[in-house]
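Below is one structure; the comments refer to it alone.
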Amino acid sequence: MARFVQYTEFGGPEVLEVVEGPVPTAGEGTVVVETRAIGVNPIDGKLRSGKRPSGPITTPRVPGSDASGVVVEVAPGVEEWHVGDEVVVSTGSGTYATHVVVPVAGLTRKPAALGWAQAAGLGVPAGTAYQSLRSLGVEAGMTVFVHGASGSVGQDAVQFARELGAHVIGTASPANQDRVRQLGAIPVAYGEGLVERVRAIAPEGVDRALDAAGTDEAIEASIELTGDPQKVATIVRGADAPNWGIQAYRGGSKVPLTAEQEAWRAEGVRLAAERAASGTFDVEIGRTLRLDDAAEAQRLLEEGKAPRGKLILLP
(Lines give C-alpha, C1' and ligand atoms only; values in the text may rest on other atoms or scores of the structure.)
Protein backbone atom coordinates (compact mmCIF):
# COMPACT_ATOMS: atom_id res chain seq x y z
CA MET A 1 0.00 0.00 0.00
CA ALA A 2 0.99 3.61 -0.59
CA ARG A 3 0.34 6.58 1.68
CA PHE A 4 -0.73 10.00 0.47
CA VAL A 5 -1.42 13.42 1.95
CA GLN A 6 -4.54 14.84 0.33
CA TYR A 7 -7.26 17.46 0.62
CA THR A 8 -10.81 17.51 -0.68
CA GLU A 9 -11.66 21.13 0.07
CA PHE A 10 -9.83 24.45 0.20
CA GLY A 11 -8.86 25.72 3.62
CA GLY A 12 -6.13 25.85 6.24
CA PRO A 13 -3.51 23.17 6.85
CA GLU A 14 -6.08 21.22 8.85
CA VAL A 15 -7.82 20.11 5.63
CA LEU A 16 -4.83 17.88 4.87
CA GLU A 17 -5.30 14.22 5.74
CA VAL A 18 -3.10 11.15 5.40
CA VAL A 19 -4.73 8.22 3.60
CA GLU A 20 -3.70 4.81 2.28
CA GLY A 21 -4.34 3.48 -1.19
CA PRO A 22 -2.96 1.24 -3.91
CA VAL A 23 0.51 1.95 -5.24
CA PRO A 24 -0.03 3.89 -8.50
CA THR A 25 1.04 2.43 -11.83
CA ALA A 26 3.09 4.06 -14.57
CA GLY A 27 1.25 5.31 -17.62
CA GLU A 28 2.68 6.23 -21.00
CA GLY A 29 5.87 8.26 -20.71
CA THR A 30 6.07 7.98 -16.91
CA VAL A 31 7.73 6.11 -14.09
CA VAL A 32 6.71 5.41 -10.51
CA VAL A 33 9.07 6.78 -7.89
CA GLU A 34 9.14 5.53 -4.31
CA THR A 35 9.99 8.71 -2.44
CA ARG A 36 12.78 9.06 0.09
CA ALA A 37 12.28 12.77 0.82
CA ILE A 38 9.76 15.42 -0.24
CA GLY A 39 10.33 19.16 -0.61
CA VAL A 40 7.76 21.56 0.87
CA ASN A 41 7.26 24.81 -1.07
CA PRO A 42 5.15 27.92 -0.35
CA ILE A 43 3.08 27.27 -3.48
CA ASP A 44 1.80 24.03 -1.92
CA GLY A 45 -0.05 25.94 0.78
CA LYS A 46 -1.26 28.63 -1.60
CA LEU A 47 -2.91 26.02 -3.79
CA ARG A 48 -4.39 24.20 -0.79
CA SER A 49 -5.86 27.41 0.65
CA GLY A 50 -7.25 28.60 -2.68
CA LYS A 51 -5.12 31.76 -2.62
CA ARG A 52 -3.62 30.58 -5.90
CA PRO A 53 -6.55 29.76 -8.21
CA SER A 54 -6.53 26.17 -9.45
CA GLY A 55 -10.10 25.40 -10.41
CA PRO A 56 -12.79 23.55 -8.45
CA ILE A 57 -11.84 20.40 -6.56
CA THR A 58 -13.59 17.40 -8.11
CA THR A 59 -11.26 14.64 -6.87
CA PRO A 60 -8.86 14.51 -3.90
CA ARG A 61 -5.69 16.51 -4.50
CA VAL A 62 -2.22 15.56 -3.31
CA PRO A 63 0.13 18.54 -2.85
CA GLY A 64 3.74 18.78 -3.86
CA SER A 65 5.99 18.96 -6.89
CA ASP A 66 9.46 18.17 -5.52
CA ALA A 67 10.93 14.94 -4.15
CA SER A 68 13.77 12.47 -4.37
CA GLY A 69 13.53 8.71 -4.52
CA VAL A 70 14.02 5.47 -6.39
CA VAL A 71 12.33 4.36 -9.60
CA VAL A 72 10.24 1.24 -8.89
CA GLU A 73 8.28 0.93 -12.14
CA VAL A 74 8.88 2.07 -15.71
CA ALA A 75 6.16 2.32 -18.33
CA PRO A 76 6.58 0.40 -21.59
CA GLY A 77 8.47 2.49 -24.11
CA VAL A 78 10.47 4.44 -21.53
CA GLU A 79 14.08 3.51 -22.26
CA GLU A 80 16.19 6.14 -20.49
CA TRP A 81 15.12 5.16 -16.96
CA HIS A 82 15.27 1.83 -15.15
CA VAL A 83 14.04 0.30 -11.91
CA GLY A 84 16.53 1.16 -9.18
CA ASP A 85 17.59 4.54 -10.62
CA GLU A 86 17.94 7.24 -7.96
CA VAL A 87 16.27 10.44 -9.08
CA VAL A 88 15.41 14.02 -8.28
CA VAL A 89 11.75 14.80 -8.98
CA SER A 90 10.82 18.30 -10.11
CA THR A 91 7.76 19.70 -11.88
CA GLY A 92 5.98 16.63 -10.57
CA SER A 93 2.47 16.48 -9.18
CA GLY A 94 1.32 14.93 -5.93
CA THR A 95 4.71 14.30 -4.35
CA TYR A 96 3.39 14.34 -0.75
CA ALA A 97 3.23 10.55 -0.93
CA THR A 98 5.25 7.39 -0.56
CA HIS A 99 4.82 6.69 -4.28
CA VAL A 100 4.29 9.14 -7.14
CA VAL A 101 3.86 8.88 -10.91
CA VAL A 102 6.31 11.21 -12.64
CA PRO A 103 6.61 12.13 -16.35
CA VAL A 104 10.13 11.46 -17.56
CA ALA A 105 10.59 15.19 -18.24
CA GLY A 106 10.34 15.76 -14.47
CA LEU A 107 13.27 13.48 -13.61
CA THR A 108 16.92 14.30 -13.01
CA ARG A 109 19.54 11.73 -12.08
CA LYS A 110 20.56 12.02 -8.44
CA PRO A 111 24.31 11.85 -7.97
CA ALA A 112 25.31 9.20 -5.46
CA ALA A 113 27.05 11.79 -3.27
CA LEU A 114 23.90 13.91 -2.95
CA GLY A 115 21.73 13.21 0.10
CA TRP A 116 18.03 12.47 -0.22
CA ALA A 117 16.90 15.58 1.69
CA GLN A 118 19.15 17.92 -0.29
CA ALA A 119 17.96 16.35 -3.54
CA ALA A 120 14.32 16.87 -2.57
CA GLY A 121 15.06 20.53 -1.83
CA LEU A 122 16.26 21.33 -5.34
CA GLY A 123 13.27 21.33 -7.72
CA VAL A 124 11.32 24.56 -7.38
CA PRO A 125 14.08 26.72 -5.83
CA ALA A 126 16.95 25.75 -8.13
CA GLY A 127 14.86 25.59 -11.28
CA THR A 128 13.17 28.91 -10.59
CA ALA A 129 16.38 30.71 -9.61
CA TYR A 130 18.39 29.54 -12.61
CA GLN A 131 15.63 30.19 -15.14
CA SER A 132 14.97 33.66 -13.71
CA LEU A 133 18.61 34.68 -14.03
CA ARG A 134 18.88 33.30 -17.54
CA SER A 135 15.66 35.03 -18.57
CA LEU A 136 16.98 38.30 -17.16
CA GLY A 137 20.16 37.89 -19.19
CA VAL A 138 22.51 37.94 -16.21
CA GLU A 139 26.14 37.94 -17.33
CA ALA A 140 29.61 38.20 -15.85
CA GLY A 141 30.41 41.63 -14.47
CA MET A 142 26.77 42.63 -13.85
CA THR A 143 25.45 43.68 -10.46
CA VAL A 144 22.35 41.70 -9.50
CA PHE A 145 19.96 42.67 -6.70
CA VAL A 146 18.15 39.69 -5.10
CA HIS A 147 15.23 40.29 -2.72
CA GLY A 148 14.64 37.56 -0.16
CA ALA A 149 18.22 36.37 -0.57
CA SER A 150 18.12 34.08 2.47
CA GLY A 151 15.05 32.16 1.28
CA SER A 152 15.37 28.93 -0.69
CA VAL A 153 14.99 30.54 -4.13
CA GLY A 154 17.04 33.53 -3.04
CA GLN A 155 19.94 31.39 -1.82
CA ASP A 156 19.99 29.47 -5.09
CA ALA A 157 19.78 32.70 -7.10
CA VAL A 158 22.76 34.14 -5.21
CA GLN A 159 24.82 31.03 -5.88
CA PHE A 160 23.91 30.78 -9.56
CA ALA A 161 24.48 34.51 -10.11
CA ARG A 162 27.92 34.28 -8.53
CA GLU A 163 28.75 31.29 -10.74
CA LEU A 164 27.70 33.35 -13.75
CA GLY A 165 30.25 35.94 -12.70
CA ALA A 166 27.89 38.58 -11.35
CA HIS A 167 28.25 40.72 -8.26
CA VAL A 168 25.27 40.17 -5.95
CA ILE A 169 23.53 42.35 -3.39
CA GLY A 170 20.81 40.62 -1.38
CA THR A 171 18.17 41.75 1.08
CA ALA A 172 17.87 39.80 4.31
CA SER A 173 16.90 40.32 7.93
CA PRO A 174 19.79 40.95 10.33
CA ALA A 175 19.62 37.36 11.60
CA ASN A 176 20.14 36.00 8.08
CA GLN A 177 22.76 38.37 6.74
CA ASP A 178 25.70 36.15 7.66
CA ARG A 179 24.15 33.38 5.55
CA VAL A 180 23.80 35.71 2.55
CA ARG A 181 27.40 36.83 3.01
CA GLN A 182 28.55 33.21 3.25
CA LEU A 183 27.03 32.50 -0.17
CA GLY A 184 29.00 35.35 -1.73
CA ALA A 185 26.55 38.27 -1.74
CA ILE A 186 26.64 41.62 0.05
CA PRO A 187 23.66 41.70 2.45
CA VAL A 188 21.48 44.75 3.02
CA ALA A 189 18.54 45.22 5.38
CA TYR A 190 14.96 45.73 4.27
CA GLY A 191 13.05 48.88 5.17
CA GLU A 192 13.32 52.62 4.90
CA GLY A 193 16.48 53.76 3.17
CA LEU A 194 16.87 50.56 1.13
CA VAL A 195 17.64 52.36 -2.14
CA GLU A 196 20.25 54.53 -0.42
CA ARG A 197 21.92 51.50 1.18
CA VAL A 198 22.18 49.76 -2.18
CA ARG A 199 23.51 52.90 -3.89
CA ALA A 200 26.20 53.12 -1.25
CA ILE A 201 27.38 49.69 -2.46
CA ALA A 202 26.61 50.19 -6.15
CA PRO A 203 26.66 53.97 -6.89
CA GLU A 204 25.62 53.46 -10.52
CA GLY A 205 22.68 51.27 -9.59
CA VAL A 206 22.17 47.61 -10.43
CA ASP A 207 21.91 45.85 -13.77
CA ARG A 208 19.20 43.32 -12.93
CA ALA A 209 16.87 42.62 -9.98
CA LEU A 210 15.00 39.50 -8.91
CA ASP A 211 12.12 39.76 -6.44
CA ALA A 212 11.64 36.65 -4.31
CA ALA A 213 10.07 38.63 -1.45
CA GLY A 214 6.89 39.95 -3.04
CA THR A 215 6.71 43.35 -1.35
CA ASP A 216 5.95 46.71 -2.93
CA GLU A 217 9.22 47.96 -1.48
CA ALA A 218 11.18 45.26 -3.31
CA ILE A 219 9.62 46.06 -6.67
CA GLU A 220 9.74 49.84 -6.32
CA ALA A 221 13.37 49.81 -5.19
CA SER A 222 14.30 47.46 -8.03
CA ILE A 223 12.73 49.66 -10.67
CA GLU A 224 14.43 52.75 -9.28
CA LEU A 225 17.83 51.08 -9.04
CA THR A 226 17.77 49.45 -12.49
CA GLY A 227 16.05 52.36 -14.21
CA ASP A 228 14.06 49.93 -16.36
CA PRO A 229 11.10 47.76 -15.26
CA GLN A 230 12.02 45.16 -17.87
CA LYS A 231 15.26 44.52 -16.00
CA VAL A 232 13.23 43.50 -12.97
CA ALA A 233 11.51 40.14 -12.47
CA THR A 234 9.28 38.71 -9.75
CA ILE A 235 8.50 35.13 -8.88
CA VAL A 236 5.86 36.14 -6.32
CA ARG A 237 3.79 39.03 -7.68
CA GLY A 238 2.96 37.56 -11.06
CA ALA A 239 -0.72 38.52 -10.91
CA ASP A 240 -0.05 42.26 -10.75
CA ALA A 241 3.35 42.35 -12.49
CA PRO A 242 1.77 44.00 -15.57
CA ASN A 243 0.80 46.98 -13.39
CA TRP A 244 4.50 47.53 -12.66
CA GLY A 245 5.70 46.71 -16.15
CA ILE A 246 8.07 44.08 -14.81
CA GLN A 247 8.68 40.51 -15.88
CA ALA A 248 7.05 37.65 -14.00
CA TYR A 249 7.94 33.99 -13.97
CA ARG A 250 4.77 32.39 -12.63
CA GLY A 251 3.90 33.50 -9.11
CA GLY A 252 0.33 33.80 -10.30
CA SER A 253 1.25 35.19 -13.72
CA LYS A 254 -1.12 34.41 -16.57
CA VAL A 255 1.81 34.37 -18.98
CA PRO A 256 3.15 30.81 -19.32
CA LEU A 257 6.83 30.04 -19.43
CA THR A 258 8.33 29.52 -22.87
CA ALA A 259 9.79 26.19 -23.94
CA GLU A 260 13.25 27.72 -23.49
CA GLN A 261 12.41 28.83 -19.95
CA GLU A 262 11.08 25.40 -19.06
CA ALA A 263 14.33 23.92 -20.38
CA TRP A 264 16.32 26.36 -18.22
CA ARG A 265 14.39 25.19 -15.16
CA ALA A 266 15.33 21.59 -15.87
CA GLU A 267 18.93 22.64 -16.51
CA GLY A 268 19.02 24.51 -13.20
CA VAL A 269 17.96 21.41 -11.26
CA ARG A 270 20.58 19.29 -13.02
CA LEU A 271 23.36 21.82 -12.44
CA ALA A 272 22.42 22.30 -8.79
CA ALA A 273 22.37 18.54 -8.23
CA GLU A 274 25.79 18.05 -9.80
CA ARG A 275 27.35 20.98 -7.97
CA ALA A 276 25.75 20.11 -4.64
CA ALA A 277 27.15 16.60 -4.94
CA SER A 278 30.63 18.04 -5.54
CA GLY A 279 30.32 20.48 -2.64
CA THR A 280 30.20 23.67 -4.72
CA PHE A 281 26.49 24.41 -4.25
CA ASP A 282 24.77 24.46 -0.87
CA VAL A 283 21.21 23.33 -0.19
CA GLU A 284 20.29 24.46 3.31
CA ILE A 285 17.85 22.18 5.13
CA GLY A 286 15.91 23.96 7.83
CA ARG A 287 14.01 21.03 9.29
CA THR A 288 12.82 17.52 8.46
CA LEU A 289 9.37 16.27 9.47
CA ARG A 290 7.42 13.06 8.99
CA LEU A 291 5.05 12.78 6.05
CA ASP A 292 2.25 12.61 8.65
CA ASP A 293 3.27 16.11 9.76
CA ALA A 294 2.69 17.73 6.36
CA ALA A 295 0.02 20.03 7.81
CA GLU A 296 2.47 21.26 10.44
CA ALA A 297 5.10 21.90 7.76
CA GLN A 298 2.71 24.05 5.73
CA ARG A 299 1.54 25.83 8.88
CA LEU A 300 5.13 26.73 9.80
CA LEU A 301 5.70 28.24 6.36
CA GLU A 302 2.46 30.19 6.32
CA GLU A 303 2.90 31.60 9.82
CA GLY A 304 6.51 32.58 9.18
CA LYS A 305 7.73 30.27 11.94
CA ALA A 306 9.77 27.89 9.81
CA PRO A 307 13.53 27.88 10.34
CA ARG A 308 15.64 29.24 7.49
CA GLY A 309 16.21 26.63 4.79
CA LYS A 310 14.06 23.98 3.17
CA LEU A 311 11.39 22.02 5.00
CA ILE A 312 11.57 18.37 4.06
CA LEU A 313 9.05 15.57 4.64
CA LEU A 314 10.37 12.06 5.20
CA PRO A 315 7.99 9.23 4.24
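The values are calculated or read from the model by the stated rules, or taken from the named source; none is laboratory data. This one's a predicted model, so the numbers in the text were calculated from it and none came from an experiment. Only protein heavy atoms, including side chains, enter the accessible area calculation; ligands, DNA and RNA are left aside. Shrake-Rupley method; radii C 1.70, N 1.55, O 1.52, S 1.80 Å.
Considering only residues of segment 152-194 that are open to solvent by less than 60 Å² (accessible area, probe 1.4 Å) and part of a strand (DSSP E or B), which is nearest to VAL138 (Cα to Cα)? Looking at residues that are open to solvent by less than 60 Å² (accessible area, probe 1.4 Å) and part of a strand (DSSP E or B), I get VAL168. Scan segment 203-216 and give yes if some residue there is among the polar types (S, T, N, Q) and not in a helix (DSSP H, G or I), otherwise no. Checking segment 203-216: at least one residue is among the polar types (S, T, N, Q) and not in a helix (DSSP H, G or I).
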